[in-house]
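For reference, the structure I am asking about is given below.
The values are calculated or read from the model by the stated rules, or taken from the named source; none is laboratory data. Being a predicted model, the structure only gives us computed values, none of them experimental. For neighbour counting, all protein chains shown are included, and Cβ atoms are generated from backbone atoms with ideal geometry for every residue, glycine included. Ligands, DNA and RNA are stripped out before the accessible areas are found, and what is left, the full protein with its side chains, is counted by its heavy atoms. Shrake-Rupley method; radii C 1.70, N 1.55, O 1.52, S 1.80 Å.
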Amino acid sequence: VLKLYKLLHRTRQEVFKNDTRALEAARQKINEEFKNNQDETSEEKINELLKMASDVEVILRTSVIQAVHTDSNKI
């Protein structure tokens with residue numbers, strides 16, 4: 001669980017580099033989700049949550065695009 005938690009935060013830092021609002025929002029959401037489920041004891045539910053967190057990490061790493069505004073007509 002801790003390994004996945006750290007991986008999500010590292011991915012967040014890479015994907016949202018230089019975007020302080022997105023970095024903070026993602027940090028809060030990751031922390032909130034893990035905190036809300038920290039007392040879960042059902043092995044089935046824990047495995048389901050870990051699978052979902054792993055899927056989120058893959059989606060962040062492969063599907064999120066950060067654009068940079070470079071000129072008035074270019075991104």
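From the set of residues in the stretch 32-70 that are among the hydroxyl-bearing types (Ser, Thr, Tyr) and within 19 Å of residue 9 (Cβ to Cβ), which is surrounded by the most Cβ atoms within 10 Å (Cβ to Cβ)?
Looking at residues that are among the hydroxyl-bearing types (Ser, Thr, Tyr) and within 19 Å of residue 9 (Cβ to Cβ), I get 54.
One residue is enough: does the stretch 37-49 have a residue meeting the conditions free of Cβ contacts under 8 Å to residues at least 40 places away in the same chain, under 12 Å from the mean Cα position of the chain (by Cα) and in a helix (DSSP H, G or I)?
No - not one qualifying residue is present in the stretch 37-49.
What do you reckon, is residue 29 farther than 13 Å from residue 9 by Cβ, modelled with pLDDT of 90 or more, open to solvent by 60 Å² or more (accessible area, probe 1.4 Å) and part of a helix (DSSP H, G or I)?
no
Inside the stretch 14-26, can you point out the residues that are open to solvent by less than 100 Å² (accessible area, probe 1.4 Å) and either in contact with a helix residue (DSSP H, G or I) (Cβ under 8 Å, 6 or more places away or on another chain) or of a type in the set (A, V, I, L, M) (or both)?
Across the stretch 14-26, the qualifying residues are 15, 16, 22, 23, 25, 26.
Scan the stretch 50-75 residue by residue and report those that are part of a helix (DSSP H, G or I) and either among the basic types (Lys, Arg) or over 17 Å from residue 4 (Cα atoms) (or both).
Within the stretch 50-75, 51, 61, 63 meet the criteria.
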